[in-house]
Amino acid sequence: MLLKTLETNPYVKLLLDAMKYSGCAVNKERHFSCEDCNGNVSGGFDASSSQIVLCQNNIRNQAHMNRVVTHELIHAFDHCRAHVNWFTNVRHLACSEVRAANLSGDCSLVNEMFRLHFGLKQHHQTCVRDRAILSILAVRNISKEVAKKAVDEVFESCFNDQEPFGRIPHNQTYARYAHRDFQNRDRYYSNI
Ligand SMILES: [Zn+2]
């Protein structure tokens with residue numbers, strides 16, 4: 001299931017290229033760890049070992065695997081490109097959770113449904129905000145108010161930071177376009 005995700009999912013392929021380009025090439029054996037997890041956690045990024053944990057007891061199907069790997073790779077990408085204080089600065093964590101919720105497609109399915117039913121454009125942002133807060137609460141022992149405040153403080157700039165996608169990839173077609181643009185961007189740079 002992981003192999004299929006790594007080889008065929010456009011979100012994941014773009015992120016793997018971006019990681020490689022940033023000097024943090026991902027290796028399937030070294031950087032992924034399949035484990036049984038508590039509760040309904042699906043995955044996590046272990047910054048101390050630079051490993052993505054996949055919760056084999058909670059990942060339900062291929063689509064779920066795709067979303068989890070994408071979400072965690074966004075954390076890995078942030079870890080690679082910036083000095084992230086995951087444990088000491090809750091705003092750093094909040095920023096990466098906003099980006100992961102915004103860019104991984106976590107909010108896109110729901111978003112599509114709500115757009116059809118209610119025509120609410122704001123729904124995507126609300127979903128990203130709510131999911132980021134829940135993600136923080138899953139890994140930090142802090143109050144909901146503190147988590148919410150951290151997300152509010154970073155939301156504007158981190159929601160608008162769409163690297164390495166360059167757009168919000170609402171579905172696989174958008175993700176494929178983003179991947180193509182990323183490859184072209186790469187080509188332009190190497191021609192300079
Ligand atoms: Zn996360």
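The values are calculated or read from the model by the stated rules, or taken from the named source; none is laboratory data. Since the structure is predicted, the reported quantities are computational estimates derived from the model, not experimental observations. Every residue, glycine as well, gets a Cβ built from its backbone with ideal geometry; the counts of neighbours run over all protein chains shown.
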Exception for His71 within (1) touching a residue at least 12 places away in the same chain (Cβ under 8 Å); (2) over 15 Å from Ala132 (Cβ atoms); (3) not basic (Lys, Arg) falls at (2)
Right, Arg140: surrounded by 12 or more Cβ atoms within 10 Å (Cβ to Cβ) and closer than 27 Å to Thr8 by Cα or not? no
All conditions in (1) more than 22 Å from Pro169 (Cα to Cα); (2) at pLDDT 95 or above; (3) hydrophobic (A, V, I, L, M, F, W, C); (4) touching a strand residue (DSSP E or B) at 6+ places or on another chain (Cβ under 9 Å) are true of Val90 except (4)
Quick count over region 150-164, residues being buried (at least 16 other Cβ atoms within 10 Å of the Cβ) and away from the ligand (no atom under 16 Å from the Cβ), is 1
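Yes/no per residue for (1) under 19 Å from Val139 (Cα atoms); (2) among the hydroxyl-bearing types (Ser, Thr, Tyr):
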position: Asn27; (1), (2): no, no
position: Cys34; (1), (2): yes, no
position: Phe45; (1), (2): yes, no
position: Asn61; (1), (2): no, no
position: His71; (1), (2): yes, no
position: Thr88; (1), (2): yes, yes
position: Arg91; (1), (2): yes, no
Picking from Arg91, Arg67, the residue that is within 15 Å of the ligand (Cβ to nearest atom) and surrounded by fewer than 16 Cβ atoms within 10 Å (Cβ to Cβ) would be Arg91
So the helices (runs of 4 or more DSSP H) completely within region 8-82 holding 2 or more residues that are in contact with a helix residue (DSSP H, G or I) (Cβ under 7 Å, 6 or more places away or on another chain) and more than 22 Å from Arg176 (Cβ to Cβ) are 62-81
When (1) surrounded by fewer than 15 Cβ atoms within 10 Å (Cβ to Cβ); (2) over 27 Å from His170 (Cβ atoms); (3) free of Cβ contacts under 8 Å to residues at least 24 places away in the same chain are applied to Gly23, the one that fails is (3)
